[in-house]
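A short write-up of the structure that comes next.
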Amino acid sequence: MEFLVGVISSPWFLVAWACLTIPSLGILVRDLRKNNAHLMSLMKLVWGLTVLYSGPLGLWIYWQTGRKEIATDSLFRRAFRSVAHCYSGCGMGEIIGLLLAVGVLALGTLWTAAITFAFAYIAGFVLTVGPLVQGGESFGKAVWDAVLSETPSITVMEVVAIGVDLTLAGGAGLGEVLFWSSMIVSLTCGLLAAYPVNLLLLHYGVKEGMMDPRHTHHAQG
């Protein structure tokens with residue numbers, strides 16, 4: 001643990017991460033514009049945030065599961081699309097919650113964990129309810145469906161992510177490298193932890209998962 005903290009405390013960790021993530025975002029944007037402009041705007045946002053949070057790993061997930069060029073679809077790919085959808089909203093909420101709890105309110109560990117979880121849950125929840133309502137579901141049914149389908153995934157993702165972040169960063173402030181680098185590591189740990197949860201939710205029909213990208217026919221551009 002001390003070795004890992006030492007590695008991610010170095011400014012060079014953030015430099016290396018930027019050198020990997022910025023080109024990954026460039027590749028993603030180019031492919032979305034050139035080959036997969038038909039994808040829904042929401043999924044373009046999902047993939048953008050996934051790559052922003054997890055760099056090359058996020059790009060790999062998109063490349064293997066989110067493009068029309070995939071040879072076939074499978075539970076493996078559907079679960080990755082599902083966890084990426086959850087991850088995009090929860091990651092945004094987690095970042096906002098941490099910035100608020102640590103940078104603005106200067107709260108202790110328990111309050112930081114609680115506020116971060118609450119923001120992450122709300123963001124992930126809204127990102128699920130919104131499209132369901134737009135798709136024609138009543139607000140009440142959309143809320144209930146989101147509670148059933150997203151709560152297990154969000155809970156596992158955030159318990160792991162927040163736990164890793166607090167373990168690595170401890171009382172680090174916004175001005176310290178460790179605060180930002182531990183956030184990067186913890187977000188990806190949450191993504192990986194929630195993947196098997198999404199596999200099970202899809203397998204048992206609790207979640208439907210995101211549409212096969214080969215079967216979307218939205219307007220180009």
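The values are calculated or read from the model by the stated rules, or taken from the named source; none is laboratory data. Remember, predicted model here, so these are calculated numbers, not experimental data. Here the Cβ positions follow ideal geometry from the backbone for every residue, glycine too, while neighbour counts run over all protein chains shown. Remember, those area values only see protein heavy atoms, side chains included, never the ligands or the DNA or RNA. Shrake-Rupley method; radii C 1.70, N 1.55, O 1.52, S 1.80 Å.
CYS90 sits among other residues whose Cβ lies under 12 Å from its own Cβ, and their net charge, with Lys and Arg +1 and Asp and Glu -1, is -3. Straight-distance candidates among the aspartates and glutamates for linking to LYS34, with alpha-carbon spacing under 19 Å and chain neighbours fewer than 8 residues away dropped: GLU69, ASP212.
Surface analysis of segment 56-170 yields an accessible area of 43 Å² per residue, using protein heavy atoms and a 1.4 Å probe.
Dipole size in debye (nearest 20) for segment 76-221 around its Cα centre, Lys and Arg Cβ +1, Asp and Glu Cβ -1?
Numbers: 6 positive and 9 negative charges, 72 e Å.
Rounded to the nearest 20 debye, it is 340 debye.
The tail of the calculated P(r) for segment 9-130, taken as Cα-Cα distances beyond 24 Å, holds 37 percent of the pairs.
Here the label points at SER10 and LEU75, each 7 Å from Cα along the C-beta direction, are separated by 4.2 nm in the simple model.
Of the solvent-accessible surface of segment 78-221, computed with a 1.4 Å probe and all protein chains present, 72% belongs to carbon and sulfur.
Rounded to the nearest 20 debye, the dipole magnitude of segment 1-138 is 500 debye, with +1 charges on Lys and Arg beta carbons, -1 on Asp and Glu beta carbons, and the Cα centre as origin.
From Cα pairs below 8 angstrom and at least 6 apart in sequence, can you work out the relative contact order of segment 50-105, rounded to a whole percent? Dividing the mean separation by the residue count of segment 50-105 yields 29 percent. Here's the list of aspartates and glutamates a cross-link from LYS207 could span, going by alpha-carbon distance under 18 Å and ignoring same-chain residues fewer than 8 apart: ASP73, GLU137, ASP145, GLU150. GNM on the chain, alpha-carbon springs under 10 angstrom: the most fluctuating residue among ALA118, ALA194, ALA79 is ALA118.
Quick one: length gained pulling VAL104 to LEU20 fully straight, 0.36 nm per residue minus the C-alpha distance? Numbers along the way, then the final one.
Details: separation 84, 0.36 × 84 = 30.24 nm, distance 2.98 nm.
Between VAL104 and LEU20, full extension yields an extra 27.3 nm.
Subtracting the Cα-Cα distance of TRP111 and ARG67 from 0.36 nm times their residue separation leaves 11.9 nm of extension gain.
Within segment 150-221, which chymotrypsin sites (Phe, Trp or Tyr not before Pro) sit in a loop by DSSP and count at most 14 neighbouring Cβ atoms inside 10 Å?
Numbers: sites: PHE179, TRP180, TYR204; in loops: TYR204.
Taking segment 150-221 and a limit of 14 other Cβ atoms within 10 Å, the loop chymotrypsin sites (Phe, Trp or Tyr not before Pro) found are TYR204.
With only the Cα atoms considered, segment 100-197 has a convex hull volume of 104 Å³ per residue.
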